[in-house]
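Heads up, the thing below is written out as structure tokens.
No lab work stands behind these numbers, since they all come straight from the coordinates. Note that this is a predicted model, so its numbers are computed, not measured. When we count neighbours, we look across all protein chains shown, and the Cβ atoms used for this are built from the backbone with ideal geometry, even at glycine.
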């Protein structure tokens, strides 16, 4: 599956409109819902914020929630993308020992880092239900989405007060 420019450009304009009227978690959640609805090969769409040595789920769109709401940067394809500072595409997640299984239907995954002025501030994580669901056009498109989302990830949640 691909994201051709004739579909990607209007989607980016729609994202720009969403980000003009919403901010923070609300903006990220709306973008996740929109993209999952717009691109059927995006079976589950999540956005994580980097908080120290963990990735924390900010928003997602999918048929069910993930158990992976916090992912150590040292684990999984999500962690690999942050550690290496590059997009990770797994055409067949079952062939990747780094993959953290979540949904039985997931067959492929793409993870795109989100960069801010200080470096990587988060990532986009998309699962596909078909083998090889993602290619370079998805990477290019999602990198543009990531640039737009970076200012909306906000600061890490404050530490909980002592008990």
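Would you mind ranking 23, 137, 61 by Cβ crowding within 10 Å, fewest neighbours first?
Details: 23 12, 137 15, 61 20.
Fewest-to-most Cβ neighbours within 10 Å comes out as 23, 137, 61.
Explain nothing, just the number: relative contact order of the chain, from Cα pairs under 8 Å at least 6 residues apart, as a whole percent.
Values: 306 pairs, mean separation 39.9, N = 163.
It comes to 24 percent, rounded to a whole number.
Where is the GNM fluctuation largest for the chain (alpha-carbon springs, 10 angstrom cutoff): 37, 59, 81?
Evaluated over the chain, the most mobile residue of the options is 37.
Quick one: go through region 121-152 and flag any residue whose amide nitrogen is under 16 Å from the point 7 Å out along the Cα-to-Cβ line of residue 86.
Output list for this probe position: 135-137, 139-140, 143.
Please check: in the Gaussian network model of the chain (C-alpha springs, under 10 Å), which one of 73, 47, 126 has the largest mean-square fluctuation.
Top of the fluctuation ranking is 73.
Between residue 136 and residue 96, what is the FRET efficiency for a Förster distance of 25 Å, r being their Cβ-Cβ separation, to the nearest 0.05? Present the calculation step by step, with values, prior to reporting the outcome.
On the way: r = 18 Å, r/R0 = 0.73.
According to the calculation, E is roughly 0.85.
Quick check on the chain: helices-only [θ] at 222 nm, where DSSP H runs of length 4 and up contribute -39,500 (n - 2.57) each and the sum goes over total residues. Nearest 500, please.
Working: 4 runs with 55 residues, N = 163.
Using -39500 (n - 2.57) per qualifying helix, the result is -11000 deg cm²/dmol.
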